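One structure is given below, encoded as structure tokens.
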Amino acid sequence: MASDFDSTEFVDTDVQTASHRVPSTATEHADAGAAPSSEELDGRSSEVQSQLVSLEKKREQLERERGEVEEARRRRAELATGYEEMLHHLTRGVAILEEETVLAKREAEQMAKSLLSLKNSLEGVEKIDQEKWNEANWMTELTKALTVIENARHEWNAARLKWPRLDGVANEARPDAEGKMPAPRLAFSDQSFGQLCRLGFALTWPIAAAIMALLIVILFR
């Protein structure tokens, strides 16, 4: 009696395996996709170009912002330097001019006194009128006139010592770099001892002459 029929006995397993592999290979080709077309490449190129343009604009914007920041830093540094510089100069300038104002007021007061003395001396010299002298009073008037002249000379020399500008010498005292006033310069500091002696004699001989004239008037009365 024949055995029961087994359907697997006549099945070629290699054929089945091959038949199963063919669809798998086709799927792999489908997943890889086709090469990009010209239109796709053009689109990608346009997209990349657009991104580059955007990045260039961003770079230019950042460059402008960096320039603005650097300019702001420079101006702030300039402000700090200018502030310190002008604070120093203005503070020093105010102190110097305040001192100069006090000195100028004091000098003006002293100059006013010298001016009054010179005016009085000038008035006394202008009153000397030799035409009014006569035989009886001329010796007395001469003594008085010499006294007036001597007093006027004393006032003039004192004014010259105090105000060198009366001799045409500039007396503009200027502060040095540290704001200190220079030491006053004596009017006769450049003259020799002999010149000073002659100057002293020139200042004192009118006094001696006036005394001699007064003695003569007293003796001959």
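Evaluated over the Cα positions of region 79-127, the convex hull gives a direction-averaged projected area, one quarter of its surface, of 4.0 nm². Within the straight-line cut-off of under 16 Å between alpha carbons, the lysines reachable from residue 144 are 127, 132, sequence neighbours fewer than 8 places apart in one chain being disregarded.
Just so you know, all these numbers are worked out from the coordinates, no wet-lab data involved. Keep in mind that what you see is a predicted model, and the values were worked out from it rather than measured.
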